[in-house]
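All remarks here apply to the structure that follows.
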């Protein structure tokens with residue numbers, strides 16, 4: 001059944017974002033998928049060519065404030081009304097704290113936290129004018145636990161979780177809901193490049209379900225949060241999609 005309005009998915013041409021875009025298209029949303037890598041956009045365009053005018057692509061850097069302002073305004077004006085935004089765009093590095101440079105720390109914060117804020121801020125402005133909407137930020141279990149090598153990445157995602165809460169409170173009376181998803185180990189291109197064999201073995205020891213998830217397994221939780229009929233009283237929450245990681249205690253017996 002078609003939805004009234006459109007959804008913008010940043011980082012929407014690969015990984016969790018691409019799986020979500022396909023899910024939303026199947027559910028009847030009009031979708032704008034953005035990415036900063038043109039090759040990803042071209043590949044996603046070929047994969048999803050059958051959806052025709054229901055899908056558009058945009059190329060911009062979420063950390064570029066002027067580009068974000070322009071892109072959100074164009075999405076709402078030309079393909080709107082904008083009713084949903086999912087902040088999937090992000091970068092990660094697995095580096096011990098004592099080996100993390102200020103330059104790397106700032107770069108990760110700039111994309112993951114500042115970029116999420118900029119997109120959410122501009123989307124919220126459009127949604128207020130449209131009578132409401134839903135913003136879903138992709139956080140991480142690394143923003144909730146002290147995972148090794150995640151000083152910069154974990155800090156950025158912890159910031160996303162608190163940003164989600166603050167914006168949810170501030171925007172509640174405008175009927176703009178703001179929630180977050182905290183994935184555990186998901187089999188994305190980013191994770192495949194980042195996780196060594198040793199890292200995978202460590203995750204398998206701490207994830208009760210003893211596996212990595214497919215990107216599509218995250219999509220349902222996000223789609224639920226975007227749908228005002230199903231989650232209209234849910235805001236300010238962080239939902240874990242982690243195979244039981246955060247719930248786990250002594251699980252190796």
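The values are calculated or read from the model by the stated rules, or taken from the named source; none is laboratory data. Here the structure is a predicted model, which is why all the values come from computation and not from measurement. Don't worry about glycine lacking a Cβ; one is built from the backbone with ideal geometry, like all the others, and counts go over all protein chains shown.
Only one residue in 119, 136 is modelled with pLDDT of 95 or more, closer than 20 Å to residue 73 by Cα, touching a strand residue (DSSP E or B) at 6+ places or on another chain (Cβ under 7 Å) and in a strand (DSSP E or B). Which one? Talk me through it step by step, then tell me what you get.
Values: 119 fails: in a strand (DSSP E or B).
Residue meeting the stated conditions: 136.
Given the conditions (1) surrounded by 14 or more Cβ atoms within 10 Å (Cβ to Cβ); (2) in contact (Cβ under 8 Å) with a residue 60 or more places away in the chain; (3) closer than 30 Å to residue 5 by Cα, report the number of the one that residue 153 does not fulfil.
Of (1) surrounded by 14 or more Cβ atoms within 10 Å (Cβ to Cβ); (2) in contact (Cβ under 8 Å) with a residue 60 or more places away in the chain; (3) closer than 30 Å to residue 5 by Cα, only one is false for residue 153: (3).
Checking the condition modelled with pLDDT under 95, more than 17 Å from residue 136 (Cβ to Cβ) and buried (at least 16 other Cβ atoms within 10 Å of the Cβ), which residue from 58, 92 passes? Spell out how you get there, then give the answer.
Working: 58 fails: modelled with pLDDT under 95.
The unique qualifying residue is 92.
Go through the stretch 113-150 and give me each residue that's farther than 23 Å from residue 220 by Cβ, touching a helix residue (DSSP H, G or I) at 6+ places or on another chain (Cβ under 7 Å) and buried (at least 17 other Cβ atoms within 10 Å of the Cβ).
Answer for the stretch 113-150, where residues must be farther than 23 Å from residue 220 by Cβ, touching a helix residue (DSSP H, G or I) at 6+ places or on another chain (Cβ under 7 Å) and buried (at least 17 other Cβ atoms within 10 Å of the Cβ): 113, 117, 118, 122, 124, 126, 147, 150.
Taking the stretch 23-54 as the region of interest, how many residues are touching a strand residue (DSSP E or B) at 6+ places or on another chain (Cβ under 9 Å), part of a helix (DSSP H, G or I) and within 20 Å of residue 226 (Cβ to Cβ)?
Total meeting the criteria: 5.
Looking at the stretch 59-72 only, could you name the residues that are part of a helix (DSSP H, G or I), in contact (Cβ under 8 Å) with a residue 24 or more places away in the chain and closer than 21 Å to residue 39 by Cα? Full working, then the answer.
Our first condition is that a residue be part of a helix (DSSP H, G or I); within the stretch 59-72, this holds for 65-72.
Cutting the leftovers down to in contact (Cβ under 8 Å) with a residue 24 or more places away in the chain gives us 65, 68-69, 71-72.
Matches in the stretch 59-72: 68, 71.
Among the listed residues 84, 90, which satisfies the condition of being under 18 Å from the mean Cα position of the chain (by Cα), in a strand (DSSP E or B), under 22 Å from residue 40 (Cβ atoms) and in contact (Cβ under 8 Å) with a residue 12 or more places away in the chain? Steps first, answer last, please.
Details: 90 fails: in a strand (DSSP E or B).
After ruling out the rest, the residue left standing is 84.
Could you tell me whether residue 75 is in a helix (DSSP H, G or I) and in contact with a strand residue (DSSP E or B) (Cβ under 6 Å, 6 or more places away or on another chain)?
Values: in a helix (DSSP H, G or I): yes; in contact with a strand residue (DSSP E or B) (Cβ under 6 Å, 6 or more places away or on another chain): yes.
Yes: the conditions hold for residue 75.
Of the residues 50, 45, 80, 84, which single one is on the phi < 0 side of the Ramachandran plot and surrounded by 24 or more Cβ atoms within 10 Å (Cβ to Cβ)? Let's see the steps before the verdict.
Values: 50 fails: surrounded by 24 or more Cβ atoms within 10 Å (Cβ to Cβ); 45 fails: surrounded by 24 or more Cβ atoms within 10 Å (Cβ to Cβ); 80 fails: surrounded by 24 or more Cβ atoms within 10 Å (Cβ to Cβ).
One residue alone meets the criteria, 84.
Which one of the conditions (1) touching a strand residue (DSSP E or B) at 6+ places or on another chain (Cβ under 9 Å); (2) surrounded by fewer than 21 Cβ atoms within 10 Å (Cβ to Cβ); (3) more than 22 Å from residue 21 (Cα to Cα) does residue 213 fail to meet, given that it meets all the rest?
(3)
Give the residues of the stretch 55-72 that are in contact with a strand residue (DSSP E or B) (Cβ under 8 Å, 6 or more places away or on another chain) and under 24 Å from residue 182 (Cβ atoms), sorted by residue number.
Start the filter on the stretch 55-72 by keeping residues that are in contact with a strand residue (DSSP E or B) (Cβ under 8 Å, 6 or more places away or on another chain), which leaves 55-60, 62, 71-72.
If the condition is that a residue be in contact with a strand residue (DSSP E or B) (Cβ under 8 Å, 6 or more places away or on another chain) and under 24 Å from residue 182 (Cβ atoms), then 62 is the only one that fits.
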